[in-house]
1. Could you calculate the contour length gain from Glu13 to Leu69, that is, 0.36 nm times the residue separation minus the distance between their Cα atoms, to one decimal place in nm?
2. Which angle from 0 to 90°, rounded to the nearest 10, does the C-alpha axis of helix 42-68 make with the longest principal axis of the chain?
3. Treat every Asp and Glu Cβ in the chain as -1 and every Lys and Arg Cβ as +1, leave all other atoms uncharged, and give the resulting dipole magnitude about the Cα centre to the nearest 20 debye.
4. Could you state the accessible area per residue of the chain in Å², with a 1.4 Å probe and every protein chain left in place?
5. Go through (1) 4, 19, 28, 26, 17, 6, 0; (2) 3, 16, 20, 17, 13, 9, 8, 6, 4, 2, 1, 0; (3) 4, 16, 26, 22, 17, 10, 4, 2, 0 and flag the label whose value is the computed P(r) over Cα pairs in 5 Å bins from 0, in percent for this structure.
6. Which order do you get for Arg65, Arg60, Arg53 if you rank them by accessible area with a 1.4 Å probe, largest at the top?
7. Expressed in nm to one decimal, what extension gain is obtained for the pair Gln40 and Asn54 from 0.36 nm per residue of sequence separation less their Cα-Cα distance?
8. What is the percent carbon and sulfur in the accessible area of the chain, measuring with a 1.4 Å probe over the protein chains and ignoring ligands?
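The values are calculated or read from the model by the stated rules, or taken from the named source; none is laboratory data. The structure presented is a predicted model; accordingly, all values stated were derived computationally and were not measured. So basically every Cβ, Gly included, is an ideal-geometry build from the backbone, and we count neighbours across all protein chains shown. In case anyone asks, the SASA skips ligands and DNA or RNA and just uses the protein heavy atoms, side chains included. Shrake-Rupley method; radii C 1.70, N 1.55, O 1.52, S 1.80 Å.
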Amino acid sequence: MPGCALLMNMELEELNKCLRDMAMMVEKAIEQTFVAFEDQNYTMAEDVIKGDRNVNDMERAIESRCLSL
């Protein structure tokens, strides 16, 4: 069963990458939120809100992959 362990490791590495990518997206959104608030930039605030859908979609995809392991 070494092949199964290797496959599981590859899946976990890919999940780790996806989680890091999502974390970077969230970090960027938080930074943009503060800038939008400080500058009263409503356009930037709307962009952050729209981008939140991407984070939510990514979260659901990661969760689904976890459950399929």
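1. Once the chain is fully extended between Glu13 and Leu69, it gains 18.9 nm.
2. Value to nearest ten degrees: 10.
3. Values: 7 positive and 14 negative charges, 57 e Å.
With Lys and Arg at +1 and Asp and Glu at -1, about 280 debye.
4. Details: 5690 Å² over 69 residues.
That works out to 83 Å² per residue.
5. For P(r) over Cα pairs in 5 Å bins from 0, in percent, the calculated option is (2).
6. From most accessible down to least: Arg53, Arg60, Arg65.
7. Working: separation 14, 0.36 × 14 = 5.04 nm, distance 2.33 nm.
Result for the pair: 2.7 nm of gain on full extension.
8. 61
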